[in-house]
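J.: Here it is, the structure in full.
The values are calculated or read from the model by the stated rules, or taken from the named source; none is laboratory data. Computed from a predicted model, the values in this text were never measured in an experiment. Ligands, DNA and RNA are stripped out before the accessible areas are found, and what is left, the full protein with its side chains, is counted by its heavy atoms. Shrake-Rupley method; radii C 1.70, N 1.55, O 1.52, S 1.80 Å.
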Amino acid sequence: MNIKGLAKSRLAKSVNDAGWGQFISILSNKAENAGLKVIAVNPNGTSQECSSCGHKVKKPLSQRIHNCPVCYISLCRDLNAAINIKARGTHALKAQLMSSNEESLRSHTVPVLRERVWSMSPNLPT
């Protein structure tokens with residue numbers, strides 16, 4: 001979210017009253033405590049881009065349904081945008097993980113993934 005940009009718009013009072021900056025900070029802290037990450041993504045064009053095929057489908061804000069003329073998918077405009085935002089966040093997270101793995105290899109330390117495998121059968125070793 002572009003909080004500084006929104007704070008300069010006609011929504012300035014609402015944005016500042018809502019404490020968007022504080023919300024992002026609290027969300028990040030809660031996610032970190034839960035072992036999760038908050039990934040910031042650029043939301044521009046997420047409701048115009050088809051989440052199924054990537055085709056750009058221009059539409060006015062009043063049009064609430066996303067209908068793609070290429071792949072013929074039809075879904076709520078907001079759901080389409082949410083799928084695109086999730087995909088962008090997933091892509092950004094993978095990029096961060098790859099760059100941190102490359103950095104680990106450069107410093108000759110390799111992160112170790114520890115995973116416990118649970119078996120449903122008492123006869124099989126875990």
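J.: Put Glu102, Glu49 in order of accessible area, largest first, 1.4 Å probe: what do you get?
T.: Glu102, Glu49
J.: Something else: In square angstrom, rounded to the nearest 10, how much accessible surface does Ser47 have for a 1.4 Å probe?
T.: It works out to around 20 Å².
J.: Pairs Lys59/Lys86; Lys30/Lys59; Lys56/Lys94; Lys59/Lys94; Lys30/Lys58; Lys37/Lys59: which are spaced more than 26 Å apart, C-alpha to C-alpha?
T.: Lys30/Lys59; Lys59/Lys94; Lys30/Lys58; Lys37/Lys59
J.: Taking one equal scatterer on every alpha-carbon of the stretch 21-66, how large is log10 of I(q)/I(0) by Debye at q = 0.17, 0.25 1/Å?
T.: One equal scatterer on each Cα of the stretch 21-66 leads to -0.68, -0.83.
J.: Which sequence of Arg88, Arg64 reflects their accessible areas, 1.4 Å probe, from the largest down?
T.: Arg64, Arg88
J.: Next up: Using the heavy atoms of the protein chains and a 1.4 angstrom probe, tell me the accessible area per residue for the stretch 35-91 in square angstrom.
T.: In whole numbers, the stretch 35-91 has 65 Å² accessible per residue.
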